[in-house]
Amino acid sequence: MTDIRYLAPPTLDEAVRAFAAAQGAARILAGGTDLLVQMRNGMARPGTIIDIKKIPEMTSISEAADGSFWVGAAVSGAVLAEHPRFGTVWPGVLEAINLIGSTQVQGRASAGGNLCHGSPAADSVPAMVAAGAVLTIAGPNGRRTLPVEAFPAGPGRTNLAAGEILVGFTLPARPAGSGDAYLRMIPRTEMDIAVVGVGVSLTMAGGVVTAARVGLGAAAPTVLLVADAAKALVGSKLDDAAINAAAAACSAACKPIDDKRGTIVYRTKVAAVLLKRAAAIAADRAQGRA
Amino acid sequence: MNAIDNKWIGKRTIRPDGADKVTGRAGYSADHSMPGMIWGRVLRSPHPHAVIRGIDTSKAEALPGVKAVVTAKDIVNFPLDKSVMLGIQDMRWMCRNVMAREKTLFHGHPVAAVAAISEEVAEAACKLIEVDYEVLPHVIEIEDAIKPDAPILHDFVRHEGKPSNIATTMVNKLGDVDAGFAQADLIIERSFTTRPVHQGYIEPHACTVSYAADGRVTIWSSSQGQFMVRAMTSLLTGIPQSNIRAIPAEIGGGFGAKTIIYLEPVAVMLAKKSGRPVKMVMSRDEVFRATGPTSGSMSTVKIGVKKDGSIVAAQGTFYLQAGGLPGSPLRGPVGCSFSPYNIENVLSVGYDVVSNRSKVAAYRAPGAPLGAYATECVLDEIAEALGMDKLELRLKNTAKPGGKTVYGATLGAITFKETVEAIKNHPHYTAPLDKNPSKGVVRGRGVASGFWFNAGGESSAQLNITEDGNVNVTTGHPDVGGSRASIANVTAELLGIDHSRISVLIGDTSSIGFSNLTGGSRVTFASAMVVTQSAEKVIGQLKERAAKIWKIDPEAVIWDNGEARPAGPNAGQFPPLTLKDLAAKANEMGGPIGAGVQLNTTGADPGFATHCVDVEVDVDLGIVRVLRYTAAQDVGRALHPDYVEGQIQGGVVQGIGWALSEEYLYNAKGQLDNASFLDYRMPVCSDVPMIEPIMLEIPNPKHPQGVRGVGEAPIVPPLAAIANAIHDALGKRFYSLPMSPPKVLAVIDG
Ligand SMILES: Cc1cc2nc3c(=O)[nH]c(=O)nc-3n(C[C@H](O)[C@H](O)[C@H](O)COP(=O)(O)OP(=O)(O)OC[C@H]3O[C@@H](n4cnc5c(N)ncnc54)[C@H](O)[C@@H]3O)c2cc1C
């Protein structure tokens, strides 16, 4: 590694300016648990590193009066876990973020970094998709918002325009009777990468699903919102027919590859299994049973 | 010496190297640096199989900051037609492994190396080296490599008179298998495959080398034998052994793979050419790509039994992957697979198959696990077919003292039965198992046994009494698994002094006599033997000194509890003389006190192990988790129980990885696809339960403390034990490792 400029601007405006000024030679640094690995193995050779952890907006968590949550892009998993309310409202999103790496990695890794790295197997993303998170993005041309599922563009690629920075996530207000869950399949028990990951968010009333969202990871070039699976669940009492239909929709949505981490056949089957299991947990949480 | 009232032997003392290791002070391979030092990097072949038509290093040499470039021309060439052996290693293959000569034989094979003022410059220079390759078709798997039309790796290899990738055949025979099978009431024959697995040590290979102006070489590196480093470097560079000093660094794991070298001769030649000390450190990627895994295998085992379960004949055929150059551990499966059992008719045949993968290196009980995998799975099927308890079947057939093994040895005391009985009587084996605890979850229990030869061999020790009456013990063995702790216990016991007064050190090649590798479960056995004899000599000297002071006969002096005393009332009335007293008078009474012993040790009888495991299978995801694991083994005498347990637990965990998740994955281009700990799936802590070791202490009569080697045997049974447990859970048998989730799910879905 040769000379690298390190900047840690205290405001978003300064970060955006510095990032634009570097004209593509700079990289944003959140926790660095992806970026530093890439720099070590020669896949990234930035001239400038812009550390966003000094920017209050990007490291804060807040619950608005309407019940929606703001999670700054650079908030680490460990900090989010310590928030007194976030995990009770969004247990599935929290468990997805907390699955990343180990205790050491949790002290650094952020949901923003997880999303911006662009991996189809990123653990927090299917849970964020299921949650219906909306992103705030800042760039040379100002701010914009984007649903999280519209963000990934392919393995290692995102829809951030040149010079844009992800500022954070807004998770919508939670109606009563809501619950979410995230499950991933890994061959080991930890320190592994998802072969398939499924996030489910449900709202239920009187045992009937009134709203549902399903996010599917590691089963296609990008994390997917599986609308057909959600459709199969809404209006049902999560009876076998509805669950099986949703599971089949998850399998049908898979466009996986055969690779060292899993086969097409295996991933397609597992997507269905995880949908069933995650839906059951989300339903228990929605109905206050867990 | 084996008494229960031992003060130190068998006690869990603090290990001599512990404080340095937990505080980050211990000096591993990559920790040594020197003034003026430069960095070496290796250029590796991008092709799995190619002729090297030429190498042009001129652009690399012209790059500012580059100090030296070496290729195969700088390494001693051992011609292909004449074998030159160093231990079990053939230098024809070693010289071609450290630097590709005529051909590159695997993706990652070293082709050239550069030393420069920084790693970055060295790396950049590697990219400037122009290699003219003639790319050849490659072959990776055994079944492809033994096909008649397979690409041939080596023209000089012949099998049955024809060019072949089968480099060697090993045949071991006992009795007449055809006659044996003719008597059988039941014969079961099955074929199995296993994948190459890496030893997975945390510390990558590294070394620092100085080549002084007078031609004397110093090497700092970690290995399983500094004398091996010296000898192999000498052979590959042509520098006499007397001019090479190999200093052993602390070692971060070897498990067999550090019984050979990769970097040292290359670094020596870079240092010689540049006139500067050179440091080389492999990346994890290089470790996976280019250092030895153990062989993958394809085997068939056939066993014939009478209705009562007695085995009348056994036959095994084992094809092992050698990698690009010959040398797979045939002796392991051929010799060990049937040796726990008393079988009159055995035919065991091994084939050494070359293909375009990195050359294998030793891995814990080399080759034995894959043989036991096949045998112990077939025995499980036999027990099932006969309706016999699985352990009873083994008890019925245990090898007998004085029995002859297929590999030629006659067995001495046999303690196999004891390991089987220990499991049979253990609460684990008798505990009820809820086979279907919840929907989609099934559980099963399996058992398997294993055998390892164990080894003695050359060891040296020196025991010196310091001027202030304390003790330094030096041996010539790198301490991989706690051997210093064991030696400290033995020395304290023999001299009758407090453990804290003893320092145990590992000598370099110039400060201690020749000592063979730390491997084959030999070091605690052999070094305790030479240390015991050294201590006995020192005690003899101490008694003589006391006798001289008291002016009595040395025979009339005893050494007891750290002091010399008159043997009895007839010897005279003298106050005891402590080690400190005698050390203080050393010079006036004849000079420094100390002794060394160098021996080719013998008497290492084989090791036996029997394991029991419970597994749980998630039938919808195909995931297998190990719930409970109990491992019984005859350890002879646990000089330091922590490190005996550690060996057993470590061996089992490596076996679990081998059985369930570890494998080398090659893509269609013949390149290794998973050269990282992320994708080469070794178990992590949370994947394994607490492994319960049952240490059976049945003293080995041929060893002063009763020691029996313990390091290898525990990796032998797990592969079959786990396969048998999965069968118990699912009612389905697996014939191929690893039993990874996609494979398990495919079998479940049928
Ligand atoms: C040992 C280990 C284990 C891991 N285990 C897992 C796991 O189980 N599951 C999993 O999903 N991942 C895992 N990862 C990957 C990684 O930890 C996660 O992706 C993590 O969430 C990345 O967050 P970060 O804050 O460290 O990102 P960084 O490394 O700081 O950034 C990641 C990428 O996003 C860019 N970036 C970061 N923030 C922004 C922003 N606000 N705007 C624009 N671009 C930005 C960076 O430039 C970089 O390209 C693991 C990594 C390691 C080293």
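Points worth noting:
- Scanning segment A:252-290 for residues that are touching a Lys or Arg at 6+ places or on another chain (Cβ under 7 Å) and within 13 Å of chain B (Cβ to nearest Cβ) returns a single hit, A:P256.
- A:D3 more than 30 Å from A:V200 (Cβ to Cβ), assigned to a loop (DSSP other than H, G, I, E, B) and more than 15 Å from the ligand (Cβ to nearest atom): yes
- Scan segment A:1-47 for residues that are away from every other protein chain (no Cβ under 14 Å) and among the acidic types (D, E) and the total you get is 2.
- Within segment A:169-191, considering residues that are open to solvent by less than 20 Å² (accessible area, probe 1.4 Å) and either within 14 Å of chain B (Cβ to nearest Cβ) or of a type in the set (D, E) (or both), the one farthest from the chain's Cα centre (by Cα): A:R188
- Segments classed as strands (runs of 3 or more DSSP E), wholly inside segment B:108-211, with at least 1 members that are closer than 30 Å to B:A314 by Cα: B:166-174, B:186-194
- The number of residues in segment B:392-421 that are among the hydrophobic types (A, V, I, L, M, F, W, C), closer than 11 Å to B:D634 by Cβ and open to solvent by 20 Å² or more (accessible area, probe 1.4 Å) comes to 2.
- Residue in segment A:225-242 that is touching a Gly at 6+ places or on another chain (Cβ under 8 Å) and within 14 Å of chain B (Cβ to nearest Cβ) present: no
- For the residues B:R15, B:R53, the requirement of being loosely packed, with under 15 Cβ neighbours inside 10 Å and over 25 Å from B:S283 (Cα atoms) singles out B:R53.
- Segment A:1-57, subset among the basic types (K, R) and farther than 27 Å from A:I193 by Cβ, residue farthest from the chain's Cα centre (by Cα): A:R5
- Top-ranked residue of segment A:133-158 - restricted to ones that are in contact with a helix residue (DSSP H, G or I) (Cβ under 8 Å, 6 or more places away or on another chain) and farther than 20 Å from A:I50 by Cβ, ranked as surrounded by the fewest Cβ atoms within 10 Å (Cβ to Cβ): A:V134
- For segment A:73-84, the candidate set comprises residues that are open to solvent by 20 Å² or more (accessible area, probe 1.4 Å) and assigned to a helix (DSSP H, G or I); within that set, the residue that is nearest to A:L183 (Cα to Cα) is A:A81.
- Within segment A:249-278, the residues that satisfy the criterion of being without any contact (Cβ under 8 Å) to a residue 60 or more places away in the chain, assigned to a helix (DSSP H, G or I) and open to solvent by 60 Å² or more (accessible area, probe 1.4 Å) are A:A252, A:I264, A:V265, A:K269, A:K276.
- Hits in segment B:698-750 - residues which are among the basic types (K, R), more than 14 Å from chain A (Cβ to nearest Cβ) and open to solvent by 40 Å² or more (accessible area, probe 1.4 Å): B:K702, B:K732, B:R733
- Residues (farther than 22 Å from B:I512 by Cβ, open to solvent by 20 Å² or more (accessible area, probe 1.4 Å) and β-branched (V, I, T)) located in segment B:528-571: B:I549, B:I552, B:I558
- Evaluation of B:N674 against the conditions (1) at the interface with chain A (Cβ under 10 Å from one of its Cβ atoms); (2) open to solvent by 10 Å² or more (accessible area, probe 1.4 Å) shows that the sole unmet condition is (2).
- Taken over segment B:731-750, the criterion of being outside any loop (DSSP other than H, G, I, E, B) and over 30 Å from B:W452 (Cβ atoms) is satisfied by B:P741, B:P742, B:L745, B:A746, B:V747, B:I748, B:D749.
Results for (1) surrounded by 20 or more Cβ atoms within 10 Å (Cβ to Cβ); (2) at pLDDT below 95; (3) within 32 Å of the chain's Cα centre (by Cα), shown as yes or no for each residue.
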| position | (1), (2), (3) |
| --- | --- |
| B:F106 | yes, no, yes |
| B:A113 | yes, no, yes |
| B:A124 | no, no, no |
| B:K127 | no, no, no |
| B:L136 | no, no, no |
| B:F156 | no, yes, yes |
| B:N165 | yes, no, yes |
| B:F181 | no, no, no |
| B:F192 | yes, no, yes |
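- Selection from segment A:211-269 of residues that are under 28 Å from A:R174 (Cβ atoms), of a type in the set (D, E) and touching a helix residue (DSSP H, G or I) at 6+ places or on another chain (Cβ under 7 Å): A:D228
- B:E120 satisfies every condition listed in (1) of a type in the set (D, E, K, R); (2) more than 14 Å from every other protein chain (Cβ to nearest Cβ); (3) open to solvent by 80 Å² or more (accessible area, probe 1.4 Å) except (2).
- Some residue of segment A:25-34 being farther than 28 Å from B:F677 by Cα, touching a residue at least 40 places away in the same chain (Cβ under 8 Å) and more than 10 Å from the ligand (Cβ to nearest atom): no
- Cβ separations smaller than 7 Å between residues 6+ apart or across chains give the following pairs from segment B:681-697 residues that are within 14 Å of another protein chain (Cβ to nearest Cβ) to residues that are among the basic types (K, R) and open to solvent by less than 30 Å² (accessible area, probe 1.4 Å): B:R681/A:R188; B:P683/A:R188; B:V684/A:R188; B:D687/A:R188.
- Note on segment B:604-623: residues that are open to solvent by less than 20 Å² (accessible area, probe 1.4 Å) and in a loop (DSSP other than H, G, I, E, B) amount to 4.
- Residues in segment B:572-586 that are open to solvent by 50 Å² or more (accessible area, probe 1.4 Å) and touching a residue at least 24 places away in the same chain (Cβ under 8 Å): B:F574, B:K580, B:D581, B:A584, B:K585.
- Residues that are touching a strand residue (DSSP E or B) at 6+ places or on another chain (Cβ under 7 Å) and either within 11 Å of the ligand (Cβ to nearest atom) or in contact (Cβ under 8 Å) with a residue 40 or more places away in the chain (or both) within segment A:72-84 comprise A:G72, A:A73, A:A74, A:V75, A:S76, listed in sequence order.
- For segment A:189-213, taking the residues that are part of a strand (DSSP E or B) and closer than 15 Å to A:A122 by Cα, the one that is nearest to the ligand (Cβ to nearest atom) is identified as A:G197.
- Residues of segment A:202-218 that are closer than 18 Å to A:R277 by Cβ and over 13 Å from the mean Cα position of the chain (by Cα): A:L202, A:M204, A:V209, A:A212, A:R213.
- Test: B:F525 is buried (at least 24 other Cβ atoms within 10 Å of the Cβ), of a type in the set (F, W, Y) and either assigned to a helix (DSSP H, G or I) or in contact (Cβ under 8 Å) with a residue 12 or more places away in the chain (or both): yes
The values are calculated or read from the model by the stated rules, or taken from the named source; none is laboratory data. If you're wondering where the values come from, they're calculated on a predicted model, not measured in any experiment. Cβ atoms come from the backbone with ideal geometry, glycine included; neighbour counts cover every protein chain shown. With ligands, DNA and RNA removed, areas are computed over all heavy atoms of the protein, side chains included. Shrake-Rupley method; radii C 1.70, N 1.55, O 1.52, S 1.80 Å.
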